[in-house]
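See below for the structure under consideration.
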Amino acid sequence: MGKSHEKLLNNLEELRKAAGLTQQELSESAEVSRKSINAIENGVYVPSTVLALKIAKTLDCSVEKLFKLP
């Protein structure tokens, strides 16, 4: 599993890169700033449910594949 936050683990960076997307491209699709995507990838920011669903839809995967509880 990728980066972690005390309340959430994420695999976003690996899945984003596997999809061939830059942080900017993902941020545009999810309608957030590139800095938000970066903060999620680095485990600094926990996304809202709506944002998590938008990211999962863009990456064509489940939210559970992106994020897990420790």
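Nearest 10 degrees, 0 to 90: what angle lies between the long axis of helix 49-59 and the longest principal axis of the chain (Cα atoms)?
Between the helix axis and the principal axis of the chain, the angle is about 60 degrees.
Could you sort the peptides 18-24, 42-48 by per-residue average Cβ neighbour count (10 Å cutoff), highest mean leading? It would help to have the intermediate numbers written out before the result.
Details: 18-24: 12.9, 42-48: 15.3.
Most protected by this proxy first, the peptides run 42-48, 18-24.
Over the chain, one equal point on each Cα, no solvent: what is log10 I(q)/I(0) by the Debye formula at q = 0.11, 0.15, 0.23 Å⁻¹?
-0.20, -0.37, -0.96
Which lysines does Lys57 reach when only Cα atoms under 16 Å apart count, and residues fewer than 8 places away in its own chain are ignored?
Of all the lysines, those that pass the test against Lys57 - Cα under 16 Å, at least 8 places apart if same chain - are Lys17, Lys65.
Readers should treat all values here as calculations from the given coordinates under stated rules, not as data from a laboratory. None of these values were measured; they are calculated from a predicted model. All Cβ positions, glycine included, derive from the backbone under ideal geometry; neighbour counts span all protein chains shown.
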